[in-house]
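Visitor: My questions all concern the structure below.
The values are calculated or read from the model by the stated rules, or taken from the named source; none is laboratory data. Remember, predicted model here, so these are calculated numbers, not experimental data. Positions of Cβ are generated from backbone atoms using ideal geometry, with glycine treated the same way; all protein chains shown enter the neighbour counts. Keep in mind that these areas ignore ligands, DNA and RNA; they rest on the heavy atoms of the full protein, side chains included. Shrake-Rupley method; radii C 1.70, N 1.55, O 1.52, S 1.80 Å.
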Amino acid sequence: RDEHVYFWFPLLAGLSELTFDPRQEIRASALEVLFDTLMHHGGSFAASFWKRVFYSVLLPIFDHVRAEVTDTTTFTSEKRRQQEDSWLYETCTRCLQHLVDVFVQFYEETKQLLPQLLDLLLGFMNRSHQSLAAVGVAAFVRLVNSAATRMDSNAWATVTNFLMTSTQEICPSAYDLAGVQLLLVQGCSDIYSKQYSCMPPAALCKVLQTLELIASHARGIDMDLDLRKRLAMQQAEDRVAEDRIVADPPLLRLEMEASHAYLSVLLHLMTLANTRDGARLHAASNPGPCMVQLCMAILSRFALGSAGNGVRPDAAYMAEAATRLQQLQASQQAAAEKAAVDAVASAGLSTVFAGVSGRTAAQQRAMAAKMSAVACAAQGKTPDQKSLIVGRTSAGVPVLMATPAVEYAPFAPLVGSALKALGGLDDASFKGHLPQFFPLMTSLIQTDYAPPEVLRVLSDLFAKRVGPIIGVMNATAAMEAAVSARQERKSSDGRQQ
């Protein structure tokens, strides 16, 4: 059988070489014919021949692609780079899709090559070239979903260990590969939703660990205020272009989506406790304690900006701005008084009111805008109220970080889901964990940035779950005290402004 099959090798190797042809139409045709040939005739190939095809026919295609990436990202103009990026993305997408489909089609003969295929995908996933990294993640998800029902426990272990280790490699490159991590989160959710019924418990635990790792890593970076300030300061010092600036907090979207995906999987696992097929997954993953821990982390994160625990504006900058504001006010007052005196002296009292300001309407608007901006700076904020001024560069340029209102507004759906998840605990679990999350619940009420939908969920939780345990009067008193503290703080801030 092998002697007959070896006649295929020159043809396959020739087609592989043609995929490097400088003419695009030749490359595309060779690629399609190569994989069509493998799909239609691969059933006659022995496992040993598949191994040779993989190493000598298929892998060289991707080696060439990697060389193209280096050339186009290092030695080309921006215009040509964009053109080449488009070609690389389309070529890699087709190549990897075809490769995965061939692998799954002849799984029994090719399964020996699973580690090598995963290594190939990792080579794409950990690239700073975002498009190619996305192609690698998409191919991985396609591979798992296509081969899931044919994989044994060893193959599942290989796949999920790869998922975990690749995530560990990518996480340290937080800013450069945040988009890749986001795709991994979406991939984990997709794999779980489609394949949980055929996943071994150990593989499920790896998926959970991956989601937990990404969520906690992103949360840790976003909660590290010193790190965020250093990042903002460095970008301001380097005068990074606006379209290339890493936003503050740097991993906000990843943090929210990873936390939400992790919470959704845990909540689903909790519903499987009493089902015949899901009991083994529930027992292995023990989702209840993990869910409570995650919800506590989410609530702690949301409460970080309360009571001055979050980002704080630079006191020295505020003091200087306050002094400038006083000087502007004094200057404006002096100018108005001088204009009034000059008007009386030169034209009589009847023209005083026409010349009090001594300025045109446009000048008055400009002065009002300047004073408004300085007044905001005295409060440590930008005029649009979206950023706090946390310092200055060596050139005196303000260094900006997000205000609590901007930072925490996107958290509302996630915080609401966490509160509802806690509210769904059975009576014994809720009562047992209440001492842990009760202080957080009162902290949430006191935050100035908690939106109405979060406060409504909190109110419902106090009324229906907390009240019956500590007494309705005590629960009501606790919530009223927290609301009162929040209102008092808002009034104090208003008086300062």
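Visitor: For region 366-438, with every protein chain kept in place, what is the accessible area per residue (1.4 Å probe, Å²)?
Guide: Accessible area per residue: 43 Å².
Visitor: Counting only protein heavy atoms and a 1.4 Å probe, tell me what percentage of region 176-293's accessible area is made up of carbon and sulfur.
Guide: 52 percent
Visitor: Provide Arg52, Arg276, Arg219 ordered by accessible surface of protein heavy atoms (probe 1.4 Å), highest first.
Guide: Output order, biggest surface exposure first: Arg276, Arg52, Arg219.
Visitor: How high is the FRET efficiency from Ala361 to Leu328, r the C-beta distance, R0 22 Å, rounded to 0.05?
Guide: Rounded to the nearest 0.05, the efficiency is 0.75.
Visitor: Still on this structure: Could you work out how much longer the chain between Gln105 and Asp224 gets when fully extended? Use 0.36 nm per residue separation minus the Cα distance between them, nm to one decimal.
Guide: Difference between extended and current length: 38.1 nm.
Visitor: So with the 1.4 Å probe, I'd like the accessible area per residue for region 174-234, rounded to whole Å².
Guide: I get 38 Å² per residue for region 174-234.
Visitor: When Rg is the radius of gyration of the Cα atoms in region 381-445 and Rh is its Kirkwood radius, what does Rg/Rh come to?
Guide: 1.25
Visitor: Amide H to amide H, which residues 5 or more places from Val399 or on other chains are under 5 Å from it, using H placed in the peptide plane?
Guide: Val390, Gly391, Arg392, Thr393
Visitor: Here's another thing I want to ask about it. Quick check: pseudo-label points 7 Å beyond the Cα along Cα→Cβ at Lys370 and Ser197, how many nm apart are they?
Guide: Those two pseudo-labels are separated by 7.2 nm.
Visitor: In region 97-162, carbon and sulfur make up what percent of the accessible area (probe 1.4 Å)?
Guide: Carbon and sulfur together cover 44 percent of it.
Visitor: Can I ask one more? To the nearest Å, what is the center-to-center distance of region 358-415 and region 196-252, using C-alpha atoms only?
Guide: 26 Å
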